[in-house]
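Peer 1: Structure provided below as structure tokens; questions to follow.
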Amino acid sequence: MSTTASANHSAQKSNRCANCETELLGPHCYKCGQPVKGMVRHFSSIIGDFFDTLLAFDSRTWKTVPSLFFRPGFLTTEYFSGRRVRYVSPVRLFIFLCITSFFVTQINSDWAINFGGNKSVVVDTESAERGLDQAVENLKDLQKKHAEDNLVVINLEEVESDLVEERIEIKTGLDELNTDLDKVNVNLNGVTGASKQSEYFTKDAIASGLNETITEIDEEFFQVGWIPDSLEDWVNKKVDSAHKNVERVTEDPNRLKKAFLGALPSTLIIMLPIFAMMLWVAYIFKRRLYMEHLIVALHSHAFICLSILTANLFYSASEKFSDYNVISSLFDNLFFLLIIWVPIYLFWMQKRIYQQGWLITLCKYSFLGGAYLILLALGAALTVLWSLAEL
């Protein structure tokens, strides 16, 4: 009897909160809020809860992502209607897609630039020419070594003849390439009035352009008399650091790519409340709360990040199947359709959420889009400056 009573007591206790003894009706106590599950359990279970909390990788993901991409404004209207638990929250959705999309862009792109014009092409061609000369010499040595075997000599002579013809074709192509490049340089010099080779694609020109951009940003936004001296000193140090890092960037542009794409998610996060404020001003007579506009901004930015991620996948697939014209063309067309879909989606989303006429929606959409692109360009310029300063 004592064993049965003890078991009943344990079962009754397991159905009550360990903190306040309130009867449990779910995974959390409704009175004190303490969760039933603690940290003292299997590590795999804790890891699963961590990813579920951070990334919301559960059944909601497969309901959320397709709706986000193919149904403009659907997730936002569902959220406003109170049907929230069945979808990934807007904040989690945006943060995950923002970080993932720019991470994939970072590893999927190469900013290495041949600043030296056509020198690499010429060097590679000359190397091939020297290799063919060496191969011809080796064949002649083999002919001398096997002079008694007529069959081997005949085969070696045929190979030598093919290599000589190949060398002549490469030499001819090299001469034509240099002639065309000379014509291009002459035309550029005639347009600019310069007597030397154009410097549009040289390291010095790129470095000069970056330095001028940094100086313009500094003069336009930071050279104001009312900012505190401490802040002005900090800005001057960052500007000096950016100028010093320009040479490193021209040597290895991927340094800037890594810093720039790493800083862009932070820039978008800063732009979110600004865009929500723009929506609030544009639809002030709708008497919606600012947080409602922020939800709209979160979903629209999440869609843009998802589009960036999808574009990277299409681009990678097109490159991977470049030998198969049909498949490569298919992904190129999908990439083009995606570019068209983005502005259509955002316009349709705005129309569906705010329920105004087509003409007034188009006017507000154009105004908001233009103003936001200007702010985004400013944010990108400041991000470039910050990325250069933090290299």
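The values are calculated or read from the model by the stated rules, or taken from the named source; none is laboratory data. Given the structure is predicted, the values throughout are model-derived calculations rather than measurements. Methodologically, a virtual Cβ is constructed for each residue, glycine included, from the backbone with ideal geometry; neighbour enumeration extends over all protein chains shown. Only protein heavy atoms, including side chains, enter the accessible area calculation; ligands, DNA and RNA are left aside. Shrake-Rupley method; radii C 1.70, N 1.55, O 1.52, S 1.80 Å.
Peer 1: Filter segment 316-328 down to residues that are among the polar types (S, T, N, Q), closer than 21 Å to T105 by Cα and assigned to a helix (DSSP H, G or I) and give me whichever is most open to solvent (accessible area, probe 1.4 Å).
Peer 2: S316
Peer 1: Six or more apart or on different chains, Cβ atoms under 6 Å: show the pairs whose first residue is in segment 333-358 and hydroxyl-bearing (S, T, Y) and whose second is surrounded by 15 or more Cβ atoms within 10 Å (Cβ to Cβ).
Peer 2: Y345/P72; Y354/Y283
Peer 1: Scan segment 285-294 residue by residue and report those that are part of a helix (DSSP H, G or I), open to solvent by 20 Å² or more (accessible area, probe 1.4 Å) and of a type outside the set (K, R).
Peer 2: F285, Y290, M291, E292, L294
Peer 1: In addition: Being more than 23 Å from R92 (Cα to Cα) and open to solvent by less than 40 Å² (accessible area, probe 1.4 Å): is that true of L338 here?
Peer 2: Judged against the criteria, L338 is a match.
Peer 1: Identify the single condition in (1) touching a His at 6+ places or on another chain (Cβ under 8 Å); (2) open to solvent by less than 60 Å² (accessible area, probe 1.4 Å) that W280 does not satisfy, given that it satisfies every other one.
Peer 2: Of the numbered conditions (1) touching a His at 6+ places or on another chain (Cβ under 8 Å); (2) open to solvent by less than 60 Å² (accessible area, probe 1.4 Å), the odd one out for W280 is (2).
Peer 1: Oh, and also: What's the number of the condition L388 fails, among (1) farther than 23 Å from V104 by Cα; (2) at pLDDT below 90?
Peer 2: (1)
Peer 1: Considering segment 78-101 alone, what residues qualify as being part of a helix (DSSP H, G or I) and open to solvent by 40 Å² or more (accessible area, probe 1.4 Å)?
Peer 2: Y79, F80, V91, R92, I95, F96, I99
Peer 1: Out of everything in segment 64-73 that is without any contact (Cβ under 8 Å) to a residue 60 or more places away in the chain and in a helix (DSSP H, G or I), what residue ends up being most open to solvent (accessible area, probe 1.4 Å)?
Peer 2: So, considering only residues that are without any contact (Cβ under 8 Å) to a residue 60 or more places away in the chain and in a helix (DSSP H, G or I), the one most open to solvent (accessible area, probe 1.4 Å) is F70.
Peer 1: Right, F303: at pLDDT 85 or above and open to solvent by 20 Å² or more (accessible area, probe 1.4 Å) or not?
Peer 2: No: the conditions fail for F303.
Peer 1: Continuing with the same structure: If I filter segment 348-359 down to residues being closer than 23 Å to L75 by Cα and in a helix (DSSP H, G or I), which single residue comes out as most open to solvent (accessible area, probe 1.4 Å)?
Peer 2: W358
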